[in-house]
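One structure is given here, and the rest of the page talks about it.
Nothing in this text is a laboratory measurement; each read-out follows from the coordinates by a stated rule. Quick caveat: nothing in here was measured; it's all calculated off a predicted structure. Backbone-built Cβ (ideal geometry, glycine too); neighbour counts: all protein chains shown.
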Amino acid sequence: MGKVGIIGVGQSAFVRGYPGSIRELAFEGFKEGMQDAHITAKDIDASVICSAPEYDKQRSPAGVFAEYFGLTPQPTFYVESLCSSSSMGVRLAYSLIKAGLHDVVAVVGFQKMSEISSAESQERMGRGADIQWESPFGTMMPAYYAMYARAHMAKYGTTSDDLALIRVKAATYGQINEKAVYRKAVTFEMFSDPESPMSNPVASPLRVGDCCANADGSSCIIVASEEKAKALCKKPVWILGLGAASTAVNMAGRELFTGLTVGEQAGEQAYKMAGVTTKDIDVAEVHDCFTIAEMMAYENLGFAKPGEGKDLIKSKETYKEGSIPVNVDGGLLSKGHPIGATGGSQIRTIVLQLRGEAGEMQVKDPEIGLVHNIGGVGLYGNVTILGR
Amino acid sequence: MGKKKKEVDDRFKKFGTVTFTSITKINDFIDQLEQGKVMGTRCKECGLVFFPPRADCYQCLKSDMEWFEVTGKGKLVSYSKLEFAPVGFGDDLPYAIALLDYGDYKVFGRIADSVPEDEIEVGMQMETVANTLPNGQLNYVFQKA
Ligand SMILES: [Zn+2]
């Protein structure tokens with residue numbers, strides 16, 4: 001059985017309040033992916049549509065999009081694993097191709113977070129965890145990640161200042177990513193300036209500056225069998241390794257609070273499948289929904305030893321010129337986090353990097369890249385390793 | 001499970017500031033909470049201990065549980081004080097969510113409002129106590145042990 005490659009990538013701009021419907025938003029990512037692959041709808045054998053359904057008014061969007069994209073009567077699938085939906089979609093596409101069922105599969109992730117009112121969104125946020133046992137206490141995503149941050153600080157002496165450095169890095173690259181929702185600079189000083197919104201507490205010890213921006217957006221990854229990839233594409237990027245894991249939704253069912261087991265486990269699987277180690281990774285996209293999430297990803301993926309993630313960011317090793325550049329497209333923190341589109345956007349970034357087409361964000365000559373995409377509060381984890 | 005017959009046994013709707021579940025097989029948890037007891041379940045077949053309580057054991061696939069009371073001290077694993085809340089929880093602000101480790105199981109809940117923030121420290125010993133909220137709903141909170 002041959003390799004599986006990525007022959008096209010696309011992404012809409014990530015924006016606040018997209019002025020169109022969900023099918024139109026999804027079409028933006030799809031169109032760019034198809035144009036990038038230089039193919040038409042008849043070349044696609046199946047589609048995988050990915051989102052977090054709590055934001056969608058449309059039931060079962062897969063069928064609606066397949067029709068809008070001209071991808072009927074081919075089969076279409078709907079995949080959901082919260083914020084890692086489109087990485088999971090790529091995993092499904094890989095298996096469909098490996099199984100020999102399809103040769104070319106379009107994975108389209110999207111989220112129009114502004115589809116519902118902010119009151120509705122607030123209400124849904126309250127149901128983001130275990131609704132029987134945790135939500136009745138009044139939980140929110142930032143507070144859960146804040147608990148991880150607090151545990152990390154208590155065990156390793158990580159500080160809020162260390163976390164702020166991650167946001168400063170994200171904003172450095174968000175400013176040069178024309179598809180990012182947050183294009184402004186963030187300085188370290190803003191975190192201690194009471195006049196700056198960045199310093200406002202959200203859920204201790206996390207502040208506004210530690211949290212990613214909501215956005216509307218879409219992404220598209222065109223996945224193909226080795227034969228098709230070579231026939232259709234001059235520079236296919238190969239999927240070398242895939243990992244996926246899950247854990248207890250309820251915090252009471254977990255063992256580790258200074259890292260995400262799903263990130264660690266998915267990473268181990270992906271490294272093993274790809275036959276590479278941490279030091280072979282030239283560029284990475286990690287799931288930085290909150291600054292602490294990027295810090296834990298450094299450690300869970302082996303870029304730093306447990307507790308030493310802070311040293312990596314302090315020494316700027318995760319900047320573009322560093323030994324392991326991470327999120328040099330602005331990350332979720334600045335690029336924005338339209339749930340279902342995020343994984344595809346991360347994969348797109350790495351594909352562009354490996355092709356040498358990342359423009360101002362280009363890392364010097366990378367050969368192997370890694371995408372780490374988490375769903376929920378470390379509930380689902382996907383790691384994808386790509387190579388030229 | 002005990003309790004006089006009702007058409008719909010929706011006792012669980014009393015759990016938490018805002019509840020999202022009303023019907024569950026472990027509704028007796030609420031009666032016990034009303035009596036000041038926070039209870040988990042233990043599988044009668046294989047002895048596996050569950051908190052939060054559950055009706056079914058994944059290890060031996062039996063659904064025969066006995067109740068045990070959460071007693072003694074747990075170690076504070078982590079916590080966070082919220083400055084914003086989801087819809088329906090605003091009147092409770094600010095409040096802290098937290099996790100206690102009892103060894104055999106962990107308990108997720110809130111830290112009692114009476115515990116000053118500057119006295120909260122990861123690793124400290126706390127205990128879990130049943131609590132009635134201002135709106136008459138029930139939950140449990142962690143106090144200094
Ligand atoms: Zn059992």
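Values for this structure:
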{"quantity": "DSSP-assigned coil residues among GluC sites (Glu not before Pro) in segment A:45-120, each with at most 13 further Cβ atoms within 10 Å", "calculated": "none"}
{"quantity": "Qualifying GluC sites (Glu not before Pro) in segment A:284-388, DSSP loop, other Cβ atoms within 10 Å at most 10", "calculated": "A:321"}
{"quantity": "P(r) histogram, all alpha-carbon pairs of the protein assembly as shown included - 10 Å bins from 0, percent", "calculated": "4, 19, 28, 24, 17, 7, 1, 0"}
{"quantity": "Helix-only [θ]222 nm of the protein assembly as shown, DSSP H runs n ≥ 4, -39500 (n - 2.57) each, per residue, nearest 500", "calculated": "-8000 deg cm²/dmol"}
{"quantity": "Of A:167, A:254, A:23, the one that fluctuates the most in a GNM where chain A has Cα springs shorter than 10 Å", "calculated": "A:254"}
{"quantity": "Inter-centroid distance (Cα atoms) of segment B:107-140 relative to segment A:113-192, Å", "calculated": "24 Å"}
{"quantity": "When the convex hull of its Cα atoms is projected in every direction, mean area for segment B:74-144 (nm²)", "calculated": "4.7 nm²"}
{"quantity": "Kirkwood-type radius of chain B, with distances r between different C-alpha atoms, in Å", "calculated": "16.3 Å"}
{"quantity": "Averaged over A:151-159, number of beta-carbon atoms from partner chains that fall within 10 Å", "calculated": "2"}
{"quantity": "For segment A:261-388, alpha-carbon Rg and Dmax in angstrom", "calculated": "13.0, 34"}
{"quantity": "P(r) weight above 24 Å for segment A:28-130, C-alpha pairs, percent", "calculated": "25 percent"}
{"quantity": "Given A:314/B:73; A:155/B:13; B:14/B:75, the pairs whose alpha carbons are separated by over 29 Å", "calculated": "A:314/B:73; A:155/B:13"}
{"quantity": "Gyration tensor verdict on segment A:16-73 (Cα atoms; rounded if a/c is under 1.5, prolate if a/b is larger than b/c, oblate otherwise)", "calculated": "oblate"}
{"quantity": "In segment A:177-240, the GluC sites (Glu not before Pro) that fall in loop regions by DSSP, at most 15 other Cβ within 10 Å", "calculated": "A:178, A:195"}
{"quantity": "For residues of B:17-30, the mean tally of beta carbons on other chains within 10 Å", "calculated": "2"}
{"quantity": "Residues of type aspartates and glutamates that residue A:57 reaches as a straight line, Cα spacing below 13 Å, ignoring anything fewer than 8 places off in the same chain", "calculated": "A:115, A:120"}
{"quantity": "Dipole-positive endmost among A:126, A:68, A:325 within the protein assembly as shown (Cβ charges, Cα centre)", "calculated": "A:68"}
{"quantity": "C-alpha center-to-center spacing [segment A:343-388, segment B:71-94] in angstrom", "calculated": "36 Å"}
{"quantity": "Out-of-range pairs (alpha-carbon distance over 19 Å; input A:279/A:305; A:31/A:179; A:179/A:279; A:320/A:364; A:169/B:81)", "calculated": "A:179/A:279; A:169/B:81"}
{"quantity": "Diffusion coefficient, µm² s⁻¹, Stokes-Einstein with Kirkwood Rh over alpha-carbon pairs of segment B:11-69 at 20 °C and 1.002 mPa s", "calculated": "180 µm²/s"}
{"quantity": "Electrostatic dipole magnitude of segment B:74-144 [Cβ: Lys, Arg +1; Asp, Glu -1; Cα centre; debye, to 20]", "calculated": "200 debye"}
{"quantity": "Cross-link reach list, aspartates and glutamates versus residue A:98, counting only Cα pairs under 13 Å and skipping chain neighbours closer than eight places", "calculated": "A:226, A:227"}
{"quantity": "Cα-based equivalent ellipsoid of segment A:88-176: semi-axis lengths in Å, sorted from largest, via gyration tensor", "calculated": "32, 23, 18"}
{"quantity": "Inter-part distance where segment A:47-83 and segment A:204-242 are each reduced to a Cα centre, Å", "calculated": "17 Å"}
{"quantity": "Partner chain coverage, peptide B:83-96 - average Cβ within 10 angstrom", "calculated": "6"}
